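The values are calculated or read from the model by the stated rules, or taken from the named source; none is laboratory data. All of these numbers come straight from a predicted model, not from anything done at the bench. Here the Cβ positions follow ideal geometry from the backbone for every residue, glycine too, while neighbour counts run over all protein chains shown.
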Amino acid sequence: MLYQDILDRIHAEIVPTLPQGRVADYIPQLACVDERKFGMALYDVDGHFASVGDADERFSIQSISKAFTLTQAMRTADEQLWQRVGREPSGSSFNSLVQLEYENGIPRNPFINAGALVVTDIVLSQLGDAKVALRDFARRLSGAEDVDYDLTVAGSEARLGYRNAALAYFLKSFGNLENHPDAVLDAYFHHCSLAMSCRELAKSFMYLARHGANSDGEVITPSQAKSINSLMLTCGTYDAVGAFAYSVGLPAKSGVGGGIVAVMPGRFSLCVWAPGLDNRGNSLAGSQALERFATWTGESIF
C-alpha cells in the first residue's frame, strides 16, 4: 500500500483544522507549544516507512509513556500487577479521585493516572531506578540513544501536580503503593516528560505490531502483546475510547502532549502529533487524521 500518498493527502486536509484544538495549558511548558505543529509517521512489518510534516520533531509524550511502563511491569510482575489494577474502561476523567475511593483503591485500568501510578510503583520496586529503566527502554525500542527526559516539563508537572499527588497518597492510604508516594510521583512525572518524535514513537511501538517482538528479539510474549493492544483499544484514549474505536478502530494510546500512537497488529505502527486537544484530552487533529487514515486505507481490526 502507498502509505506516503495517503499521509500526504491527510496532511493537506488536516493543516487548516489545527487551530481548532486547545493545547494543555494546565501544564505551563505544554501551553507554549505551537498549536500549528503536525507530524505523522508510520512503520510497517515489511520495513517500509512514511512520514509527513513535523514527524522528526520531539514533543512531550505524556501518557503515551504509560504503555512503556505497563510493558515493563508485565515483564517483571505480570500476575501481581493484575491484583492491584483492573482492566476495564473507566468512563471517568483520567485523573478522577471519586472512582478510586468507590473501588477501594484499585484503579480501573493501567492507563488512567491512578493506574499508571500503581504501575510505576511496581516498576520502581522491581527495577530500582524507574527513571533510568524507562529511558533506556525507550532508547532500545526507538533505536535513538539520545532520547531523554525534558526536565523543564518534569519540573513543571511536579510543581503543579496536586491532583496526581492526591491520587498517590490516596493509593498509599489503601495500601496499593509499596514505595513512598513522593518517589512514585517523581518517576511518574519524569516518564510523562519523555521527549520523542513521531518517527521514534512509531518505531518504538512496532513490538506491539509484531506480536511482542522487536527487531532485536522478543520484548514481551505474544499473549502479553495481545493484552496491551486490547487495553489500548478499550482504555487508551481516556474516556473517549468508544468514539475512538467507532471512528478509527485501532488500538491506540494518546497523551495530552498531542501525540497518539496507533497499532494494527501484524501490519504497522503509526504515530500522529498535533498539540491542540479536544475536550477529552486527545489530539483533535490527530484523531481526525487517524480516522481518515483508517477510512482511506480500510485498515482496522474490525
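Would you be able to say whether some residue in the range 270-277 is outside any helix (DSSP H, G or I), free of Cβ contacts under 8 Å to residues at least 60 places away in the same chain, under 22 Å from LEU134 (Cα atoms) and within 14 Å of the chain's Cα centre (by Cα)? Steps first, answer last, please.
The first filter runs over the range 270-277 and keeps only residues outside any helix (DSSP H, G or I), leaving 270-277.
If we keep only those that are free of Cβ contacts under 8 Å to residues at least 60 places away in the same chain too, we end up with none.
No, the range 270-277 contains no residue that is outside any helix (DSSP H, G or I), free of Cβ contacts under 8 Å to residues at least 60 places away in the same chain, under 22 Å from LEU134 (Cα atoms) and within 14 Å of the chain's Cα centre (by Cα).
List the pairs whose first member sits in the range 252-269 and is under 18 Å from GLY21 (Cα atoms) and outside the structural domain of LEU233 (by TED's automatic domain parsing), whose second member is β-branched (Val, Ile, Thr) and at pLDDT below 95, and whose Cβ atoms are under 9 Å apart, counting only residues at least 6 apart or on separate chains?
Pairs found: none.
Search the range 13-70 for residues being aliphatic (A, V, I, L, M) and assigned to a helix (DSSP H, G or I), and hand back the single one that is surrounded by the fewest Cβ atoms within 10 Å (Cβ to Cβ). Before you say what the answer is, go through the steps one by one.
First pass over the range 13-70, keeping only residues aliphatic (A, V, I, L, M): 14-15, 18, 23-24, 27, 30-31, 33, 40-42, 45, 50, 52, 55, 61, 64, 67, 70.
Imposing the further condition that a residue be assigned to a helix (DSSP H, G or I) reduces the set to 14-15, 18, 30-31, 64, 67, 70.
On the way: ILE14: 21, VAL15: 15, LEU18: 18, LEU30: 22, ALA31: 13, ILE64: 28, ALA67: 28, LEU70: 28.
Ranking the candidates gives ALA31 first.
Six or more apart or on different chains, Cβ atoms under 8 Å: show the pairs whose first residue is in the range 51-65 and in contact (Cβ under 8 Å) with a residue 24 or more places away in the chain and whose second is of a type in the set (Asp, Glu) and in a helix (DSSP H, G or I).
VAL52/ASP8; ARG58/GLU200
Can you tell me which of GLY91, GLY143 is surrounded by fewer than 22 Cβ atoms within 10 Å (Cβ to Cβ), farther than 18 Å from LYS172 by Cβ and modelled with pLDDT under 95?
Values: GLY143 fails: modelled with pLDDT under 95.
Answer to the selection: GLY91.
For the range 162-179, name all the residues that are out of contact with any Leu (no Cβ under 7 Å at 6 or more places or on another chain) and touching a residue at least 12 places away in the same chain (Cβ under 8 Å).
Taking the range 162-179 as the starting set, the residues that turn out to be out of contact with any Leu (no Cβ under 7 Å at 6 or more places or on another chain) are 162-163, 169, 172-176, 178.
Answer for the range 162-179, where residues must be out of contact with any Leu (no Cβ under 7 Å at 6 or more places or on another chain) and touching a residue at least 12 places away in the same chain (Cβ under 8 Å): ARG163, TYR169, SER173, PHE174, GLY175, ASN176, GLU178.
Return the residues of the range 177-222 that are assigned to a helix (DSSP H, G or I), among the small types (Gly, Ala, Ser) and out of contact with any Ser or Thr (no Cβ under 6 Å at 6 or more places or on another chain); say none if nothing qualifies.
Initial filter on the range 177-222 (assigned to a helix (DSSP H, G or I)): 181-192, 198-204, 206-209, 222.
Filter again for among the small types (Gly, Ala, Ser), leaving 183, 187, 202, 204, 209.
ALA183 - this is the single residue of the range 177-222 that is assigned to a helix (DSSP H, G or I), among the small types (Gly, Ala, Ser) and out of contact with any Ser or Thr (no Cβ under 6 Å at 6 or more places or on another chain).
Starting from the range 1-29, keep only residues that are over 30 Å from ALA158 (Cα atoms), then list their pairs with residues that are of a type in the set (Lys, Arg) and surrounded by 15 or more Cβ atoms within 10 Å (Cβ to Cβ) whose Cβ atoms are within a distance under 6 Å, requiring at least 6 positions of separation or different chains.
These pairs meet every condition: ILE10/ARG292.
Being among the hydroxyl-bearing types (Ser, Thr, Tyr), buried (at least 22 other Cβ atoms within 10 Å of the Cβ) and farther than 20 Å from ASP25 by Cα narrows it down to one of SER197, SER193, SER223, so name that one.
Numbers: SER193 fails: farther than 20 Å from ASP25 by Cα; SER223 fails: buried (at least 22 other Cβ atoms within 10 Å of the Cβ).
After applying the criteria, what remains is SER197.
Do you know which residues across the range 66-83 are touching a residue at least 12 places away in the same chain (Cβ under 8 Å) and of a type outside the set (D, E, K, R)? Outline the logic, then answer.
So in the range 66-83, the residues touching a residue at least 12 places away in the same chain (Cβ under 8 Å) come out as 66-78, 80-81.
Once the filter is applied, which keeps residues that are touching a residue at least 12 places away in the same chain (Cβ under 8 Å) and of a type outside the set (D, E, K, R), the range 66-83 yields ALA67, PHE68, THR69, LEU70, THR71, GLN72, ALA73, MET74, THR76, ALA77, GLN80, LEU81.
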